[in-house]
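All remarks here apply to the structure that follows.
The values are calculated or read from the model by the stated rules, or taken from the named source; none is laboratory data. Everything numeric in this text was worked out from a predicted model, so none of it was measured. As a convention, Cβ positions derive from the backbone with ideal geometry for all residues, glycine included, and neighbour counts pool all protein chains shown. Just the protein is used for accessible areas: all its heavy atoms, side chains included, with ligands, DNA and RNA removed. Shrake-Rupley method; radii C 1.70, N 1.55, O 1.52, S 1.80 Å.
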Amino acid sequence: SRISGDSFKEELQANQQVPRHDRIVPVLTAFKHRQRFHFIFPYASGGNLEELWKTYSTSNAPGKEPATWYSPQWLLTECRGIAESLAVTHKATARPQQGTQNIVVPQLHADVKPRNILCFETTANGERSFVLKLADFGYARKVDENSTLEIGDMTHTKTYRPPEYDVEDIIHLNYDIW
């Protein structure tokens, strides 16, 4: 989709402000070509979580490939990984930059949904599996203890917005946890 130069700069800055974490997909590069803006990310061979759900079945559903790698342990490990990625995103960190320390302020991802969780195929002991990683900080907003983000100012995906969206006026970091 086409985005404005300002939106591109905001999304690039949000992605650059995200702490490095093995469960967060980093931006490899970003550029403008022929009036269109592009981000390059590592290749997620499993697509996104929505596609993974459509392709694989844990119950031998017809027309779907069996999820032989799935187990309760896998699910808990992947949920923990995504929770850890949000925890580091929500926490202020110091990052050395050119001989000084740059304080990275906490960010609200604001768009956690299956399409923004990428699936990276792995193989261990001959067994195929997937590692889930948080991506797409295009709607991310900087927050700190003095921040007030109003509900009406946030773009969101209706299906995945938290219930407090309908009853509160101000957004907090728990918006991502829903």
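Out of (1) part of a helix (DSSP H, G or I); (2) touching a Ser or Thr at 6+ places or on another chain (Cβ under 9 Å), the odd one out for LEU52 is which? All conditions are met except number (2). Among residues of the stretch 47-64 that are over 18 Å from THR159 (Cα atoms) and free of Cβ contacts under 8 Å to residues at least 24 places away in the same chain, those with a beta-carbon under 9 Å from a residue that is in a helix (DSSP H, G or I) and open to solvent by less than 90 Å² (accessible area, probe 1.4 Å) at least six positions away or on a different chain give the pairs LYS64/THR55.
Of the residues ALA44, ALA14, ALA30, the single one that is in contact with a Phe, Trp or Tyr (Cβ under 9 Å, 6 or more places away or on another chain), in contact (Cβ under 8 Å) with a residue 24 or more places away in the chain and not in a loop (DSSP other than H, G, I, E, B) is ALA14. As a summary of the residue check, VAL104 satisfies the conditions (1) among the hydrophobic types (A, V, I, L, M, F, W, C); (2) closer than 15 Å to LEU132 by Cβ; (3) open to solvent by less than 80 Å² (accessible area, probe 1.4 Å) except for the one numbered (2). When the strands (runs of 3 or more DSSP E) confined to the stretch 77-178 are screened for residues that are at pLDDT below 75 and farther than 17 Å from ASN15 by Cβ, those reaching at least 1 such residues are found at 93-97, 100-104.
A quick yes/no check of all residues on (1) within 18 Å of ALA140 (Cα to Cα); (2) basic (Lys, Arg); (3) surrounded by fewer than 16 Cβ atoms within 10 Å (Cβ to Cβ):
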site: ARG23; (1), (2), (3): yes, yes, no
site: HIS33; (1), (2), (3): no, no, yes
site: SER57; (1), (2), (3): no, no, yes
site: THR68; (1), (2), (3): no, no, yes
site: LEU108; (1), (2), (3): yes, no, no
site: ILE117; (1), (2), (3): yes, no, no
